[in-house]
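Let me begin by presenting the structure, written as structure tokens, before commenting on it.
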Amino acid sequence: MENSHAPGLAGRREWIALGVLMLPLLLVSMDISILYFAIPFVSQDLEPSATQQLWILDMYGFVLAGLLITMGALGDRIGRRKLVLAGAAVFGAASVAAAYAHSADALIGVRALLGLGGAALMPSTLALIRNLFHDAKQRGRAVTIWTGVMTTGISLGPVVSGLLLEHFWWGSIFLINLPAMVLLLVLVPFLVPESRIAPGASREPFDLVSAALSLAALLTVIYGVKEWARHGFAPVPAAAVALGLVLGHVFARRQKRLAHPMIDLGLLGRRAFGGPVSANTLAMFATVGMAVFFTQYLQSVQGLSPFKAALWSLVPASGVIVAAPMAAVLAQRTDRANVMGGAFLLSAAGFFWLSQIRPESALWFCLTAAALYAGGLVAAMTLANELAIGAAPPERAGSAAAVLESGQELGGALGMAVLGSVGAAVYSRDMADALPAGVTAALPGGEADAVRETLGGAAAAAARLPEETAAGVLTAARDAFTHGMGLASVGAAVVMVGAALFSFVLLRGTAENGTNGAAGGPGRGAGAGTEGGTEGGDLAPAQTGAVK
């Protein structure tokens, strides 16, 4: 059944439906980070090897990222409500299997199934917003809620994990998914109408070759970037990135030749869509790239317990609560590009503030900086999501959402690699200069290397050193880590200034050319902003027949 009611103001039913759709989004985003505190308990029970432990942590994100484009296109063909229901069933069943996994290999396999379910859920929830809310202002509020729930879920993961692990076994972190998935399966058929299927596409066989190419391209690029971030530059990660780029090029060329491509390259080349995708990628570069530093600073420099650090890490959400709604209001009165640019500058100010933090800095100083950059980033991402989804034709909303989220995944991986490498390089250089005399001789070679490479390695080694030597090692390590975090913060701030200039210069006028038209404004049909002839609407020439 297609969603055929006339565009207009959404009522109570649509807002209740939005609330129901936020349940899976919250849990899918929580599952990205919920294992961080649980992994020691998993290791004690299942005894995974070092390689298996890494795959337990990474498999979910890899599969989620790799299948987003495929699932977005599939939802456009078979209906997004059907895909949400299928994703909820897979995610719920996989959650139970993960909770009772009896081996490391079994948990790795089930984490892959969780990624499959998550990939079916995430783009469909954002795409359904495009079809539930036809009024541009209401859709803007709905997208603000969507973005807030997604970012809150990533932050809530460690908190929920720490709370559950204090009272239950590690499998409980997966079982909390089950009630929400059951509720979703019961309520969605009654509250959420089926959304429009891409015309003509449902009668053609699903393009398995394009699906395989998109999966392989994204997986190899993200794998290579993450390995670079974890171990530094090496031939294998570099080859993986190169292979992914080649496969991505082959995928793009194939899309140009298809009557019903997975990705509408003509749409991607327009400022109203491609511009917000690029802005979102830059925002996630900074968000994910700095997240690792922030949590380590709270735990290993400020000395907070994991659970207390997780709770304090929620404080920056206060910046989001203020900035995101304010940006939505301002976007109704002025060009969204100006508001996005201002939000990026706010985040840049927060990162510059963070660069001034020292090991002895007060906790409020760090949290205020984080609130500034978090508020700016989420405000910018909210407006970028709204612009992109509003510019996409309703029948292509699933594919558009998948491209948007794939850009976020890639931006996060790049941020972790680039900013993480900056911090690691500064830490290693400072520790080589500041390591107290005699420490290298007092430790085995491997532990001495660990002290010079990571703050965690220094803390572990200090526990086996005499008290006076241990204090010197920890002081040097905390100074080096904070120095590295400061320079990485400067890097993030510079990227955010670049994102602000990108918004001010290249995205100006895109709301009029894309979002408003797509929303079905006066005299313009849905998706009008993605058709040819809008003044200044192109980043690149549109493909022939790109918008179906």
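What follows is calculated from the coordinates using simple rules that are stated; it is not laboratory data. The structure displayed is predicted, hence computed values, not measured ones. Reconstructed Cβ throughout: ideal geometry from the backbone, glycine too, with neighbour counts over all protein chains shown.
For segment 340-347, putting each phi into the Karplus relation 6.51 cos²θ - 1.76 cosθ + 1.60 with θ = phi - 60° gives couplings of 4, x, x, 5, 5, 5, 4, 5 Hz, in residue order, rounded to whole numbers and with x for Gly and Pro. Between amide H atoms placed 1.01 Å from N, distances below 5 Å from residue 361 occur with no residue 5 or more places distant or on a separate chain. Legend: calculated FRET efficiency, residue 501 to residue 365, from the Cβ-Cβ distance at R0 = 45 Å, rounded to 0.05, equals 0.95.
Label separation (residue 494 vs residue 429): 1.2 nm, computed from points 7 Å beyond Cα along the C-beta direction. In sequence order, segment 165-181 has phi-based couplings of 5, 6, 10, 10, 7, 4, x, 5, 5, 8, 5, 5, 5, 5, x, 5, 5 Hz under the Karplus curve 6.51 cos²θ - 1.76 cosθ + 1.60, θ = phi - 60°, and Gly or Pro positions carry x. Among 251, 352, a tally of other beta-carbon atoms within 10 Å of each Cβ gives an order, fewest to most, of 352, 251. Note on residue 321 and residue 9: with the Förster distance fixed at 22 Å, the Cβ-Cβ geometry gives a FRET efficiency of about 0.30. Averaging 1/r over every pair of different alpha carbons in segment 7-189 and inverting the result gives a Kirkwood radius of 16.7 Å. Contact order for segment 263-519, expressed relative to its length and based on alpha carbon pairs under 8 Å spaced 6+ residues apart, stands at 35 percent.
For segment 364-381, backbone phi angles converted through the Karplus equation (6.51, -1.76, 1.60; θ = phi - 60°) give residue-by-residue couplings of 4, 4, 5, 5, 5, 4, 5, 5, 5, 6, 5, x, x, 5, 5, 4, 5, 5 Hz, Gly and Pro being listed as x.
The fewest-to-most ranking of 483, 249 by surrounding Cβ atoms within 10 Å reads 249, 483.
Listed by Cβ neighbour count within 10 Å, with the fewest neighbours leading, 307, 133 appear as 307, 133. Once the C-beta distance of residue 93 and residue 332 is scaled by a Förster radius of 35 Å, the resulting FRET efficiency is 0.25 to the nearest 0.05. Spherically averaged projected area of the convex hull of Cα atoms, segment 208-259: 3.3 nm².
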